[in-house]
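Asker: Have a look at this one.
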Amino acid sequence: MPFATSLRCRKCGQEYSLQSIKVCDFCLSPVEVNYDYKAMAKVVSRERVADGPFTMWRYRDMLPIQGEEVDIGTGFTPLLKADNLGRELGLDRLYIKNDCLNPTYSFKDRAVSVAVTKARELGFDTIACASTGNLAASVAAHASKAKVDAYVFVPASVEPGKLVGVAIYNPKLVTVDGSYDDVNKLCAEIAQKYHWGFININLRPYYAEGSKTLGFEVAEQLEWQSPDCVVAPAASGLLFTRIWKGLQELSMLKLIGPVNTHMYVTQAAGSSPIVHAFEAGSLHVHPVIPNTMVTSIAIGNPADGYYALMVARQSGGGAQDVTDEKAIEGMQLLAQTEGIFAEAAGGVAIAGLKKLVDAGVIKRDQLTVVFITGAGPRTQEIVANVVRPLKIQPNLESFSEALSISA
Ligand SMILES: *Cc1c(COP(=O)(O)O)cnc(C)c1O
Ligand SMILES: [Zn+2]
């Protein structure tokens, strides 16, 4: 028995049935899934969750789906106590939520599995998305599992390594000669003309809900408490708002106490409209033209930017941007302290965390969770210059010589 009751406009409150819809017809604001929390609270318990599968579907009661899940094994990724990195940064209670360890190597699988499950319920035989790469891979993989057709649209500038990780699932891969924001605009037009389920456009309200499971998992893994501080990267801002919503829902359902988490959003300096708005004390997120190599979060006109801004403000959190150079240093620091090879978005989160600690904003004793949302091996080009081997002949002498030079 699903507890989702309707879709509701976040701005004007207009309600819609649980259909496919892009934005509110009246005010063009995002719509979001609305639940009967009273009924949900009667069913959901810590024990019931604990009895569930070791995937994101242990929170199925809190997701807006009815039919059989399109599941490729997503979620319940490790929450690691990061003592080495913590020592390096000056934090005693630092944890890493390692969402590299999803089937297509990013947190997108959480959002997509919910949206594709819903797409199948709504009768779509073709799914599609506008993507900077990670979403395309996830949509294509889920289309294979769900046995539906997939069209995935990416900017032509996407790293070649990422395209292999998309094309292997054999979707219709379309590269568009333009920026991600151009791709997104085009896809909104395509969605009007063709009756396709666009995962991050007309199925966006469902896509959004999948990311809540990151908040659920972290709280459960901390033995049912919410952290003092959360640090996460943002592109459209959706993930960031949904970690927060996940924590709020757990509190509403009395699975955890009141949420006093400070939410810190991080972006690459070359594409940081949410951080700009935060720093300017503005209510308006002004679009920018992205200029960063952190392509997975290079969205200049973030659809949920306003809401991400509100979450950062209302939670007593903050916003931090970092240069590409610092993001790469962040990737290396994470790899060299905790053995995790994240993609550049992870580097942004780590470098952002470092700046926040250095500035005294996040304090040593605060229980802090940093979200690593995607894996590094797909965008190796970015850090290719770390490869500096000792070059030797196959004999001991040559090795000894090389060793003495390098030491
Ligand atoms: C998509 C993505 C994000 C940001 O997601 P939004 O919900 O659009 O803010 C962060 N990290 C990685 C690795 C991503 O692929
Ligand atoms: Zn509205």
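The values are calculated or read from the model by the stated rules, or taken from the named source; none is laboratory data. It should be emphasised that the depicted structure is a prediction, and the values quoted were computed from it without experimental measurement. Heads up, the Cβs are rebuilt from the backbone with ideal geometry, glycines too, and the neighbour counts pull from every protein chain shown. To get the accessible areas, we keep the full protein, side chains included, count just its heavy atoms, and leave off ligands, DNA and RNA. Shrake-Rupley method; radii C 1.70, N 1.55, O 1.52, S 1.80 Å.
Asker: With every protein chain present, what accessible area does residue 392 have (1.4 Å probe, heavy atoms only), rounded to the nearest 10 Å²?
Answerer: Near enough 80 Å² of accessible area.
Asker: Just the accessible area for residue 49, please: 1.4 Å probe, Å², rounded to the nearest 10?
Answerer: Spelled out: residue 49, probe radius 1.4 Å, area about 10 Å².
Asker: Given 20 Å bins starting at zero, what is the percent of C-alpha pairs of the chain in each, up to the one with the largest pair distance?
Answerer: Percent of Cα pairs in each bin: 28, 58, 12, 2.
Asker: Against the longest principal axis of the chain, how steep is helix 134-146, in degrees 0 to 90 to the nearest 10, with axes from Cα atoms?
Answerer: Helix 134-146 sits at roughly 60 degrees to that axis.
Asker: Name the most mobile residue of 165, 316, 123, meaning the one with the largest mean-square fluctuation, in a Gaussian network model of the chain with Cα contacts below 10 Å.
Answerer: It is 123.
Asker: Return P(r) of segment 297-407 (all Cα-Cα pairs; 5 Å bins starting at 0; whole %; ordered from short to long distances).
Answerer: P(r) over segment 297-407, rounded to whole percents: 2, 10, 15, 17, 15, 12, 10, 6, 4, 3, 3, 2, 1.
Asker: Regarding segment 207-363, what is the average projected area of its C-alpha convex hull, in nm²?
Answerer: So the Cα hull casts an average projection of 9.0 nm².
Asker: Mind ordering 328-340, 301-313, 131-143 by average Cβ neighbours within 10 Å, highest first?
Answerer: So the peptides 328-340, 301-313, 131-143, ranked by packing, come out 131-143, 301-313, 328-340.
Asker: Could I get the Rg over Rh figure for segment 126-188? Both from C-alpha atoms, Rh via Kirkwood, rounded to two places.
Answerer: 0.94
Asker: Run the dipole for the chain about the Cα centre, Lys and Arg Cβ at +1, Asp and Glu Cβ at -1, nothing else charged, and hand back the magnitude in debye, nearest 20.
Answerer: 720 debye
Asker: Tell me which trypsin sites (Lys or Arg not before Pro) from segment 317-407 have a DSSP coil assignment and no more than 14 other beta carbons within 10 Å of their own.
Answerer: Those that pass, being in a loop and sparsely packed, are 363, 364, 391.
Asker: Compute the acute angle (0 to 90°) between the alpha-carbon long axis of helix 238-252 and the principal axis of greatest extent of the alpha-carbon atoms of the chain; round to the nearest 10°.
Answerer: 60 degrees
Asker: Assigning unit charges at the beta carbon (Lys, Arg +1; Asp, Glu -1) and nothing else, what dipole magnitude in debye, to the nearest 20, does segment 206-245 show about its Cα centre?
Answerer: Dipole size: approximately 220 debye.
Asker: About the Cα centre, and with charges only on the beta carbon of Lys, Arg (+1) and Asp, Glu (-1), how big is the dipole of segment 119-248? Nearest 20 debye, please.
Answerer: That gives segment 119-248 a dipole magnitude of about 300 debye.
Asker: What figure in square angstrom, to the nearest 10, would you give for the accessible area of residue 71 with a 1.4 Å probe?
Answerer: For residue 71, the solvent-accessible surface is approximately 50 Å².
Asker: Before anything else, pin down the relative contact order of the chain: Cα pairs under 8 Å, at least 6 apart, normalised by residue count, whole percent.
Answerer: 16 percent
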